[in-house]
Amino acid sequence: MAPDDFNFLAQLVRRRAGLVLTAPKTNLIEGRLSTVMRRFGFRSVDALVKELRHGRDTLARAVTEAMTTNESSFFRDRAAFEQFRDLVLPHLIEARSDSRRLRIWSAACAAGQEPYSIAMLLDDRKLAANGWSIDLIATDVSAEMVARAEDGVYSHFEVQRGLAIRRLVAHFSQEGGNWRIHENLRRMVTFRQFNLLDSYGWLDDLDVVFCRNVLIYFDQKTKSQVLDKIAEMLMPDGALLLGHAETASGLSNVFLGVDHAPSLYVKGRIAAQRLAAAG
Amino acid sequence: MKNCLVVDDSRVIRKVACRILQELDFETDEAEDGISALAACRARMPQLILLDWNMPNMNGIEFLKTLRKEREGMRPVVVFCTTENDVAHITEALNAGANEYIMKPFDRGIIEAKLVEVGLM
């Protein structure tokens, strides 16, 4: 790829989704562009970039989506889900015992494994059956991923990574070689395409935010902006879960880590001490 | 070192599974049917058994039912690894005392994930 074309692509993807593309990843980038080239009928990256320079929005959107990483698995980074189940959820169930309402956001849901993993943990607690209102919102920048997640169908290989066999039998039905999530869990999740750089106005009063393995693709300024926006939407005693390779330290004046729970962040020292003590 | 008995009538599957398990720091032994697997367990009970379903002489489910009846206190982790990929077979295996279930075809990622599930990684 010509340096000029690379710089144009990097700026486009950064502007539209905050993603940072680096020159050493040129091969990976060209590989991801190949699916877009096939879909739109381009024979070369040069031709594709030339068309992008004319400002074709559907193409720019497809290229941006192709640059996102959609790797995921059920209960990925198990420790984060254990922290949610053992520290965050017990506190919220007690603190929200009057309103009986929980609002949880899976911010980069890819093919849906994360929100459905959360739904399984909520189902374990029988919250909906006990009259709780659960808003489990799942978003991704990729429309294709959102559609896949909403469909809730996973391959033989996908359901065998991170999912205990008892959960598979309890929560999925077999469809040929694939497995479909049961309707009660699928209905628990509201899916929507959403860019983390856009306005969060519709995401108020959140109790928990899962924003995992997405900040790593942003530059420092964008990471801080996203964390600030999450902080605004999160309830004072709410919790943020990041990926195991991510941190809010040095990026946010609001979030504090919880001792012995490396993925977990809360707003303020009192909340951090309370959850650390509960662990 | 953790040890695993790989029980499968296919020499190729045994070889592939053993290689993956050895890369994951397991010592491995092999058996080609339920009868020879029982003999191996009676001589030295492994921590983990990777178990095929369809085998001559004694199949996987018969082996598991027999195993779970003997040697009180010795409960190795049993992970089925089979082409019987339907809910009825999975349920039957769990009811007979299987700890986990791998649906063939498998790869290293699946074996690794299942070992995490049963607490052996």
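Values quoted throughout were computed directly from the atomic coordinates according to the rules given, and no laboratory measurement underlies them. The structure displayed is predicted, hence computed values, not measured ones. Glycine gets a Cβ as well: all are built from the backbone with ideal geometry, and neighbour counts include every protein chain shown.
Shielding by partners for peptide B:92-100, expressed as the average number of C-beta atoms from other protein chains within 10 Å of each residue's C-beta, is 1. Residues in segment B:40-49 carry Karplus couplings, in order, of 5, 5, 5, 6, 7, 6, x, 7, 9, 10 Hz; the curve used is 6.51 cos²θ - 1.76 cosθ + 1.60 with θ = phi - 60°, and Gly or Pro positions show x. Loop-located trypsin sites (Lys or Arg not before Pro) across segment B:67-121 with a Cβ neighbour count of 16 or fewer within 10 Å are B:ARG71, with loop assigned by DSSP. Dividing the summed helix terms, -39500 (n - 2.57) for each DSSP H run of n ≥ 4, by the number of residues in the protein assembly as shown produces a 222 nm estimate of -12500 deg cm²/dmol to the nearest 500. Judged by the ratio a/c of the largest to the smallest principal axis of the C-alpha gyration tensor, chain B counts as rounded, that ratio being less than 1.5. Highest GNM mean-square fluctuation among A:ALA107, A:ALA95, A:ALA79, for chain A modelled with Cα contacts below 10 Å: A:ALA95. Volume per residue for segment A:82-150 equals 83 cubic angstrom (convex hull of Cα atoms).
If a/c stays under 1.5 just call it rounded; otherwise compare a/b with b/c (prolate if a/b is bigger, oblate if not). Do that for segment B:64-111, with a ≥ b ≥ c from the square roots of the Cα gyration tensor eigenvalues. Here segment B:64-111 falls in the oblate category. In sequence order, segment A:76-86 has phi-based couplings of 4, 6, 3, 4, 5, 6, 5, 5, 5, 5, 9 Hz under the Karplus curve 6.51 cos²θ - 1.76 cosθ + 1.60, θ = phi - 60°, and Gly or Pro positions carry x. Work through the residues other than A:LEU203 whose Cβ is under 12 Å from its Cβ and net out their charges, Lys, Arg +1 and Asp, Glu -1. That works out to -3. With both labels modelled 7 Å from their Cα along Cα-to-Cβ, the B:THR91 to A:ALA276 distance reads 4.8 nm. Peptides B:9-19, A:19-29, A:238-248 ranked from most to least packed give A:238-248, B:9-19, A:19-29, packing being the mean of other C-beta atoms within 10 angstrom over each peptide's residues. Shape verdict for segment A:124-175, please, from the Cα gyration tensor: rounded (a/c under 1.5), prolate (a/b greater than b/c) or oblate. Here segment A:124-175 falls in the oblate category. Inter-chain neighbour count for A:146-157: the average number of beta-carbon atoms from partner chains within 10 Å of each residue's beta-carbon is 1. By the equivalent-ellipsoid construction on the alpha carbon gyration tensor, chain A comes out with semi-axes of 34, 24, 15 Å, ordered largest to smallest. Partner shielding of B:84-90 amounts to 2, given as the average count of beta-carbon atoms from other chains within 10 Å of each residue beta-carbon.
For A:LEU240, what charge total do you get from the other residues with a beta carbon under 11 Å from its beta carbon, if Lys and Arg give +1 and Asp and Glu give -1? Residues close to A:LEU240 contribute a combined charge of 0.
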